[in-house]
Amino acid sequence: MVSRRVMPAAFVVMWSSALVAGIIGVAAAPPLLLTAVRFGVAGLALGAFALAVRAPWPKGRALGHVVVSGLLVQAVQFAAFYTAMGFGMPAAVLSLMQGLSPVVIALAAGRALGERVTGRQWAGFALGAAGVALAVSDRAAFSAGAIALGVVGLLGMSAGTVYQKRFASGMDVRTGTAVQVLVSAPVVAAASLALETPRVSDWAGFSWAVAWLVLVNSIGAFLLLNTMLKRAPASRVSTLFFLTPSVTALMAWALAGQSLHPIALAGLALGGAGVLLAARDRRGRKSGQEDSQEGTDQLAAQDVVPSLPVGRSTRNRGSASG
């Protein structure tokens, strides 16, 4: 498993690479077909691994919560994002929309999870949003339909993250992630059969894209994401998405030969400053002002994600994953 101290950085790189691989994938096959195959292969691989290590599988109501969160985070998000890419939306712009998820999640987390968002965090969110907008401001040519799909993907991702934190935070990350992608595969496959002509025009490119998306993104990135969501508030974990647009731009420059403009570098710096501000621990607070539950949560969060300290949380202490 990835070292606890490098989890956030590893997650950002893995997550950002998905859109770069997606560029190759949607050029080789319809986007829903690509997404369905990605989910199917990843689900079988994760499921086989979970069975081999005898990891506990969710049951009953807990299973239902994992399914709902998976359909939102996996099926809705990626079906919408990759279809938008197929319609011509640049990967950097999609990454921008993903990068705005912390604001959406913070708005929802206050009500659904009882997570208090401080003024310092809101300032960090605003700075991060400005950074991601700056990083991709020179790549904003896309259709209204693609924009609508991007919004759907953003809402699916944000709603699924909050739902998972509220109702399925106790799931085993191995079996939970396997269930999420396995239930998403037939849903997206049915959409592909109904809306596309499933065919592959470039098997080499398609195979490479699927392999990368399965191993690095569906398995690696989501295992890290689900691990962090178990131990840290959703609003804190989501601040990592502020970094993905600029990192995506860097990867596109290194792997696809796209030029990296000074404005993108400025966006990278601004977005990083926003993440640091939003996730910064309030070290000046006296320890006696924190209740015992918060102290327990903070130690757990720092144990897994040292750079994402937990803020005050009054979420329902009796809630479980089902």
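The values are calculated or read from the model by the stated rules, or taken from the named source; none is laboratory data. Here the structure is a predicted model, which means the values were calculated and not measured. For neighbour counting, all protein chains shown are included, and Cβ atoms are generated from backbone atoms with ideal geometry for every residue, glycine included. Side chains are part of the model used for accessible areas, which takes the heavy atoms of the whole protein and leaves out ligands, DNA and RNA. Shrake-Rupley method; radii C 1.70, N 1.55, O 1.52, S 1.80 Å.
General observations
- Among the candidates 139, 111, residue that is over 19 Å from residue 20 (Cα atoms) and at pLDDT below 75: 111
- Yes/no for residue 177 being within 14 Å of the chain's Cα centre (by Cα), within 13 Å of residue 71 (Cα to Cα), open to solvent by less than 50 Å² (accessible area, probe 1.4 Å) and modelled with pLDDT under 95: yes
- Entry remark, the stretch 142-174: residues being aromatic (Phe, Trp, Tyr) and modelled with pLDDT of 90 or more number 2 in total.
- Neighbours by Cβ (under 9 Å, 6+ apart or cross-chain): first from the stretch 96-108, more than 14 Å from residue 134 (Cα to Cα) and free of Cβ contacts under 8 Å to residues at least 12 places away in the same chain; second open to solvent by less than 40 Å² (accessible area, probe 1.4 Å) and of a type in the set (A, V, I, L, M): 107/117
- Failed criterion for residue 211 (all others in (1) modelled with pLDDT of 80 or more; (2) in contact with a helix residue (DSSP H, G or I) (Cβ under 8 Å, 6 or more places away or on another chain) hold): (2)
Every residue, every condition in (1) free of Cβ contacts under 8 Å to residues at least 40 places away in the same chain; (2) under 13 Å from residue 73 (Cα atoms); (3) not acidic (Asp, Glu), yes or no:
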position: 185; (1), (2), (3): no, yes, yes
position: 189; (1), (2), (3): no, no, yes
position: 193; (1), (2), (3): yes, no, yes
position: 199; (1), (2), (3): no, no, yes
position: 207; (1), (2), (3): yes, no, yes
position: 213; (1), (2), (3): no, no, yes
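- Condition check for residue 117: surrounded by 16 or more Cβ atoms within 10 Å (Cβ to Cβ), among the β-branched types (Val, Ile, Thr), in a helix (DSSP H, G or I) and out of contact with any Leu (no Cβ under 7 Å at 6 or more places or on another chain): no
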